[in-house]
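Colleague: Got a structure for you, written out below as structure tokens; questions coming shortly.
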Amino acid sequence: MKLPQGSALPHVGCIHADLGVPSWERAGLPTLPGLDGVCCLGVPFPCRRERERCRGWPLPAIIQSQCHAETPECAPRRADPGAREASDSKVLTCAAVWRMPKELEPGSHESPDDSSSPAHTLELLCHLDDTAHGSVACVVWEPTGDGRRVISLADSHILLWDLQESSSQAVLAGSASLEGKGQLKFTSGRWSPHHTCTQVATANDTTIRGWDTRSMSQIYCIENAHGQLVRDLDFNPNKQYYLASCGDDCKVKFWDTRNVTEPVKTLEEHSHWVWSVRYNHSHDQLVLTGSSDSRVILSNMVSISSEPFGHLVDDDDLSDQEERRPEEKSQEPPQDSVIATYEEHEDSVYAVDWSSADPWLFASLSYDGRLVINRVPRALKYHILL
């Protein structure tokens, strides 16, 4: 499947690049094919009352499934593979680990967009048996390593799973719970790629918490991080301690987890709930956000990036021909700004993500099932590279 810039796929709920996996009525694991691989997007189940989120990861894939009862608002809905049964109007969510077909693994000779290739099916390896802890809100792979550790958030519990070598069984290696008044529930989580992957950030209500996976203890807490519900989190891949968050207060905030008394930066470009925020994997000054205002905004947060003054080169390293002119040396550093606003969607944008193969390619997905793929403007791309 190859899509041109800005192309849209209306009313498509599950795009698998001809993987042969059934389309699950506007739910599942949409994938964005790249030159050398794929990246996955998390997608909300479209029932407006529930609006819980499914997430997926390939090789092997983790699928968070939902099961809806036959209520007037939800019917007719079909339970996803691996989902538990539901009663009355209650929504139950669970998670499972699946293996991608070997023909589609990196290094294979078969192309995912080859229409002549036979259909493939996913292999169910095991369930994350966390039903005793409640409904699953989020499942996260360990960013690096051998891919054996997984975090799941179920109601008020954070659970660390260790997958066996065959991935046929998931062993609960550690757990922790939220403590406080009321029915506290996790809404989102993100595993930090820094600190040897020993830190996880979670969101519940308006609070953001950090956890040490070695002791499963809390290491920091940002109370009232947003004025309303926190929807999503993402760590800066190139600058440790920096965390982005977004929420129902229409704001995107950037935090230094060493000092959480106030955010380092705040964006207020959206006019409704902000559902998703993502750092670019390679160029962390590029930040994507998606909102219920049906817009996707690409921002240039250069002041808090890993290269706040651009690509630095020592004068001693420059040859005579490359010697900088005086006006270039005194040039002001670039300022934070909105690069572009994309309005191809006609409904709430629930997920945005960057391609894992092309750092200039990104996708967004809205409630109506429309997937839109865009590129970073060429002028900005060359400004960053040169």
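Colleague: Limited to the range 243-287, what total is found for residues that are polar (S, T, N, Q), touching a strand residue (DSSP E or B) at 6+ places or on another chain (Cβ under 8 Å) and over 19 Å from residue 354 (Cα atoms)? Before you say what the answer is, go through the steps one by one.
Modeller: So the first thing to find is which residues in the range 243-287 are polar (S, T, N, Q), and the list is 245, 257, 259, 261, 266, 271, 276, 280, 282, 285.
Retained after the next criterion (residues that are touching a strand residue (DSSP E or B) at 6+ places or on another chain (Cβ under 8 Å)): 245, 257, 266, 271, 276, 280, 285.
Subsequent filtering for residues that are over 19 Å from residue 354 (Cα atoms) retains 257, 266, 271.
Count: 3.
Colleague: Going by what's in this entry, would residue 233 be described as surrounded by 18 or more Cβ atoms within 10 Å (Cβ to Cβ), modelled with pLDDT of 95 or more, within 15 Å of the chain's Cα centre (by Cα) and among the hydrophobic types (A, V, I, L, M, F, W, C)? Give the derivation first.
Modeller: On the way: surrounded by 18 or more Cβ atoms within 10 Å (Cβ to Cβ): yes; modelled with pLDDT of 95 or more: yes; within 15 Å of the chain's Cα centre (by Cα): yes; among the hydrophobic types (A, V, I, L, M, F, W, C): yes.
Yes; evaluated as a whole, the condition is true for this residue.
Colleague: Working only within the range 249-276, note down all residues that are farther than 14 Å from residue 366 by Cα and β-branched (Val, Ile, Thr).
Modeller: Those that are farther than 14 Å from residue 366 by Cα and β-branched (Val, Ile, Thr): 252, 257, 260, 261, 264, 266.
Colleague: Name the residues in the range 175-193 that are in contact (Cβ under 8 Å) with a residue 24 or more places away in the chain and surrounded by fewer than 17 Cβ atoms within 10 Å (Cβ to Cβ), would you? Break it down into steps so the answer makes sense when it comes.
Modeller: Here is the first cut: in the range 175-193, the ones in contact (Cβ under 8 Å) with a residue 24 or more places away in the chain are 175-176, 178, 183-193.
Matches in the range 175-193: 175, 183, 184, 185.
Colleague: Another question, then. Looking only at residues in the range 232-271 that are assigned to a strand (DSSP E or B) and among the small types (Gly, Ala, Ser), which one is nearest to residue 294 (Cα to Cα)?
Modeller: The initial filter retains those residues of the range 232-271 that are assigned to a strand (DSSP E or B), namely 232-235, 242-247, 252-256, 259, 265-267.
Now narrow it down to the ones that are among the small types (Gly, Ala, Ser): 244-245, 247.
Numbers: 244: 20, 245: 19, 247: 15 Å.
If we take residues in the range 232-271 being assigned to a strand (DSSP E or B) and among the small types (Gly, Ala, Ser), then 247 is nearest to residue 294 (Cα to Cα).
Colleague: Continuing with this model, one more query. How many of the residues making up the range 338-386 are under 23 Å from residue 271 (Cα atoms), assigned to a loop (DSSP other than H, G, I, E, B) and not basic (Lys, Arg)?
Modeller: Total satisfying the criteria: 10.
Colleague: Report the residue count in the range 241-254 for those that are open to solvent by less than 10 Å² (accessible area, probe 1.4 Å) and not small (Gly, Ala, Ser). Steps first, answer last, please.
Modeller: If we filter the range 241-254 for residues that are open to solvent by less than 10 Å² (accessible area, probe 1.4 Å), which is where we start, we get 243-247, 252, 254.
The next check asks that each one be not small (Gly, Ala, Ser); those that pass are 243, 246, 252, 254.
Result for the range 241-254: 4.
Colleague: Of the numbered conditions (1) polar (S, T, N, Q); (2) over 30 Å from residue 230 (Cβ atoms); (3) at pLDDT 95 or above, residue 319 satisfies every one except a single condition; which is it?
Modeller: Failing condition for residue 319: (3).
Colleague: Kindly indicate whether residue 225 is out of contact with any Phe, Trp or Tyr (no Cβ under 7 Å at 6 or more places or on another chain), among the hydrophobic types (A, V, I, L, M, F, W, C) and open to solvent by less than 30 Å² (accessible area, probe 1.4 Å).
Modeller: Details: out of contact with any Phe, Trp or Tyr (no Cβ under 7 Å at 6 or more places or on another chain): yes; among the hydrophobic types (A, V, I, L, M, F, W, C): yes; open to solvent by less than 30 Å² (accessible area, probe 1.4 Å): yes.
Yes, satisfied.
Colleague: Have a look at 196, 207 and point out the one that is touching a Cys at 6+ places or on another chain (Cβ under 7 Å) and farther than 16 Å from residue 175 by Cα. Full working, then the answer.
Modeller: Details: 196 fails: touching a Cys at 6+ places or on another chain (Cβ under 7 Å).
Within the list 196, 207, the selection yields 207.
Colleague: Just wondering, is there one or more residues in the range 154-168 that are open to solvent by less than 30 Å² (accessible area, probe 1.4 Å), within 18 Å of residue 244 (Cα to Cα) and over 21 Å from the mean Cα position of the chain (by Cα)?
Modeller: Keep residues of the range 154-168 that are open to solvent by less than 30 Å² (accessible area, probe 1.4 Å), which gives 154, 156, 158-161, 163, 167.
Add one more test, that the residue is within 18 Å of residue 244 (Cα to Cα), and what stays is none.
So far as the range 154-168 goes, no, none of its residues is open to solvent by less than 30 Å² (accessible area, probe 1.4 Å), within 18 Å of residue 244 (Cα to Cα) and over 21 Å from the mean Cα position of the chain (by Cα).
Colleague: Going through the range 283-310 one residue at a time, which ones are in contact (Cβ under 8 Å) with a residue 40 or more places away in the chain, open to solvent by 30 Å² or more (accessible area, probe 1.4 Å) and farther than 26 Å from residue 370 by Cα?
Modeller: 283, 306
The values are calculated or read from the model by the stated rules, or taken from the named source; none is laboratory data. As the structure is a computational prediction, the values presented were derived from the model and not from experiment. Quick reminder, even Gly has a Cβ in these numbers, built from the backbone with ideal geometry, and neighbours come from all protein chains shown. With ligands, DNA and RNA removed, areas are computed over all heavy atoms of the protein, side chains included. Shrake-Rupley method; radii C 1.70, N 1.55, O 1.52, S 1.80 Å.
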